[in-house]
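Here's the structure, in structure tokens; my notes come after.
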Amino acid sequence: MRIHELPVDIVNKIAAGEVVTGCYSVVKELIENAMDAGAEDIEVEIRQGGKEYIRVRDNGSGMLPDEMLVALRPHTTSKIKSLEDLESLHTFGFRGEALSTIASVSR
């Protein structure tokens, strides 16, 4: 499934509010994204405790180049399209909040 913006009614029902609370949670979210993408090899590099940068490289399925900017917008996901999709979901993330939150606090 391609990355897409969730409809407002679904966002209102699944919004978690708090996602990224520090560098450790950025690493957690990025590792979970890699695992959700089927990565078997994940490499994490952190400079100056995450203040300079946090880099995660993996061999997951990734996203198409035209989806990269879409993925940074709030409530965009490739995991669900409807509330019914939650019943068969087996991933860490699905709300489309983590990447946009990370982007909003990054330089």
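Only the coordinates and a few stated rules stand behind these numbers; no lab work does. Keep in mind the model is a prediction, meaning the values are calculated, not measured. All Cβ positions, glycine included, derive from the backbone under ideal geometry; neighbour counts span all protein chains shown.
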Scanning the stretch 86-107 for residues that are small (Gly, Ala, Ser) and in contact (Cβ under 8 Å) with a residue 60 or more places away in the chain, the one surrounded by the fewest Cβ atoms within 10 Å (Cβ to Cβ) turns out to be GLY93
| message | Would you confirm whether or not the stretch 75-84 contains a residue that is in a helix (DSSP H, G or I) and either at negative phi or surrounded by 13 or more Cβ atoms within 10 Å (Cβ to Cβ) (or both)? | response | yes
Pairing a residue in the stretch 27-56 that is touching a residue at least 24 places away in the same chain (Cβ under 8 Å) with any residue that is aromatic (Phe, Trp, Tyr), where Cβ atoms lie under 6 Å and the two sit 6 or more apart in sequence or on different chains, gives GLU32/PHE92; ASP36/PHE92
